[in-house]
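Enquirer: Have a look at this one.
The values are calculated or read from the model by the stated rules, or taken from the named source; none is laboratory data. Small disclaimer: the values here were computed from a predicted structure and weren't measured. Glycine gets a Cβ as well: all are built from the backbone with ideal geometry, and neighbour counts include every protein chain shown.
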Amino acid sequence: MPEHDRIVNKINPRTKSLLTPHLKDLEYKLRTGAVSLDWTSTNIDDYLKQVHEGLAKLEQLIVNINDIIENRIENNTKILHNTVLINLPADAQPYTLDKFVKMQEEWIAVESKKFMVEN
């Protein structure tokens, strides 16, 4: 079934185990038709509707999962990777502990804005 293959191929290999119950549910729906339907069956339309709804539901779930991985996890990981966590000034002058802590708090306030999500 090309539509099934198209949707299943969208699954990120890292999340396939999370989708196992959904894939099994869809396989059950498909198997039901293969076992109980023939050309004279009167419920073919219901079967097709159920399969298409299952495929659409699975595809939407996969799209949502992939979106979360890309836009929330991977992008934030890249931002974190590029974030300097401590600001060591280039000038080699000594600082008191209080001044150093204040400088770092100001630095953190600026850097943490990179992680703020706009709604």
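Residue-wise test of (1) among the aliphatic types (A, V, I, L, M); (2) closer than 30 Å to Glu106 by Cα.
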residue: Glu27; (1), (2): no, no
residue: Thr32; (1), (2): no, no
residue: Ser36; (1), (2): no, no
residue: Gly54; (1), (2): no, no
residue: Ile73; (1), (2): yes, yes
residue: Leu85; (1), (2): yes, yes
residue: Gln93; (1), (2): no, yes
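Enquirer: Now a separate question. Would you call Leu55 assigned by TED's automatic domain parsing to the domain that holds Arg6 and either exposed (fewer than 12 other Cβ atoms within 10 Å of the Cβ) or at pLDDT 85 or above (or both)? Spell out how you get there, then give the answer.
Expert: Values: assigned by TED's automatic domain parsing to the domain that holds Arg6: yes; either exposed (fewer than 12 other Cβ atoms within 10 Å of the Cβ) or at pLDDT 85 or above (or both): yes.
The answer is yes for Leu55.
Enquirer: Kindly indicate whether Phe115 is outside the structural domain of Ile68 (by TED's automatic domain parsing), under 20 Å from Ile68 (Cα atoms) and either surrounded by 10 or more Cβ atoms within 10 Å (Cβ to Cβ) or over 23 Å from the mean Cα position of the chain (by Cα) (or both). Break it down stepwise before answering.
Expert: Numbers: outside the structural domain of Ile68 (by TED's automatic domain parsing): yes; under 20 Å from Ile68 (Cα atoms): yes; either surrounded by 10 or more Cβ atoms within 10 Å (Cβ to Cβ) or over 23 Å from the mean Cα position of the chain (by Cα) (or both): yes.
So Phe115 fits the description; yes.
Enquirer: Provide a single number: the residues in region 1-54 that are charged (D, E, K, R) and within 27 Å of Ile68 (Cβ to Cβ).
Expert: 11
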